[in-house]
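S.K.: Dumping the structure here so I can ask a few things about it.
Read the figures in this text as sums done on the coordinates, not as results from a lab. On a predicted model such as this, the values are computed, not experimentally measured, just so you know. Note: ideal-geometry Cβ built from the backbone for every residue, glycine included; neighbour counts use all protein chains shown.
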Amino acid sequence: MSLISNVGGSAVKGKALPFRTWNILDQKKNVIMLQWVIIVVLSFATVMMWIGWARTPKQLQVYIPPDLSKGITQKANAIPLPYVYSFAMQLWQEINYWPQSGDSDYDKNLNQWRSYLSPSFFQLLREEQQHKLQSGELARVRILQGMQGESYSIEKVKQLGTNTWEVDMDMRLTETKEGVVTKDVEILYPLRIVRLPVSLHQNPYGLAIDGFVRAPKRIKTMI
């Protein structure tokens, strides 16, 4: 009896062995399929990441305003109003600074700061410089500076368009000739500032003076 039983048991085990083999093969196939799915998903994700990286800007420009005492949250390529005011104030002073004589300094300043002026305003100032040179109005020393207490405030800069601003500056203009003061006046300059697509190597600000919103207004005359 035991011999028959053993033979019968061996036969049953022999029949069960192929089923276990098939189950193992099925499991391996499932693992391989899962691995292929993972490979495809990772490959797709890699391609999408590469496309996103290729489309990102190679260079971002962030404009930092002069005063950071209160902290800021600044978006790339967005120009804060204090930055526009600071640009206008500094550049307009530089153009109107004639330490030796306007005969030579005005021409030198226009050439030096040409990239910070719009083409039309540069041409206007160039014509003015030539006219004053011929009439002898440049043979003098000039200093232009902000009036006492002049600084940025929110009402000083007005947004005229997407990339256009009006900057109102109260400034004091002093001219001397042979050591004698010939002009000493306080003037309101309403400058129009625009954003220009220029080389950052030539103009890191990306801004330019485009002229006057309206005629400058004399506030006070000392001399």
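S.K.: Residues in the stretch 194-223 near a label at Leu188, defined as backbone nitrogen under 20 Å from the 7 Å Cα→Cβ point?
M.R.: 210-223
S.K.: In addition: From the cross-link list Lys183/Lys217; Lys132/Lys177; Lys132/Lys156; Lys108/Lys220; Lys156/Lys183, which pairs have alpha carbons spaced over 20 Å apart? Don't skip to the end; give the middle numbers.
M.R.: Numbers: Lys183/Lys217 15 Å; Lys132/Lys177 15 Å; Lys132/Lys156 30 Å; Lys108/Lys220 29 Å; Lys156/Lys183 26 Å.
Among Lys183/Lys217; Lys132/Lys177; Lys132/Lys156; Lys108/Lys220; Lys156/Lys183, the Cα-Cα distance tops 20 Å for Lys132/Lys156; Lys108/Lys220; Lys156/Lys183.
S.K.: Additional query: Would you mind listing how long the stretch 81-221 runs along its three principal axes, going by Cα atoms, in whole Å with the largest first?
M.R.: Answer, in whole Å and largest first: 45, 32, 23 Å.
S.K.: While we're here: Measure of size requested: the Rg and Dmax of the stretch 88-169, with Cα atoms as the atom set and Å as the unit; please supply both.
M.R.: Cα only, the stretch 88-169: 14.4, 41 Å (Rg, Dmax).
S.K.: Extension gain Gln130-Arg114, at 0.36 nm per residue separation less the Cα-Cα distance, in nm? All intermediate terms of the calculation are to be shown ahead of the outcome.
M.R.: Values: separation 16, 0.36 × 16 = 5.76 nm, distance 1.57 nm.
Taking Gln130 through Arg114 to full extension adds about 4.2 nm, to one decimal.
S.K.: Sticking with the crude label model, points 7 Å out along Cα→Cβ, report the distance from Met49 to Glu137 in nm, one decimal please.
M.R.: The answer from the label model is 6.6 nm.
S.K.: Would you mind checking the stretch 165-179 for residues with the amide N under 18 Å from a putative spin-label position 7 Å along Cα→C-beta of Gln100?
M.R.: Counting backbone N atoms under 18 Å from the label point, the list is 176-179.
S.K.: If I take R0 = 22 Å and measure r between the Cβ atoms of Ala76 and Ile154 in this structure, what FRET efficiency does the formula 1/(1 + (r/R0)^6) give, to the nearest 0.05? Spell out each step's value before the answer.
M.R.: Numbers: r = 23 Å, r/R0 = 1.04.
E(calc), rounded to 0.05, equals 0.45.
S.K.: Amide H to amide H under 5 Å from Leu160: which residues, 5+ apart in sequence or cross-chain, H placed 1.01 Å off N in plane?
M.R.: Under 5 Å from the amide H of Leu160 lie the amide H atoms of Trp165, Glu166, each far enough along the sequence or on another chain.
S.K.: Modelled label-to-label distance, Trp36 and Lys220, 7 Å Cα→beta-carbon offset: nm?
M.R.: Result for the modelled spin labels: 8.7 nm.
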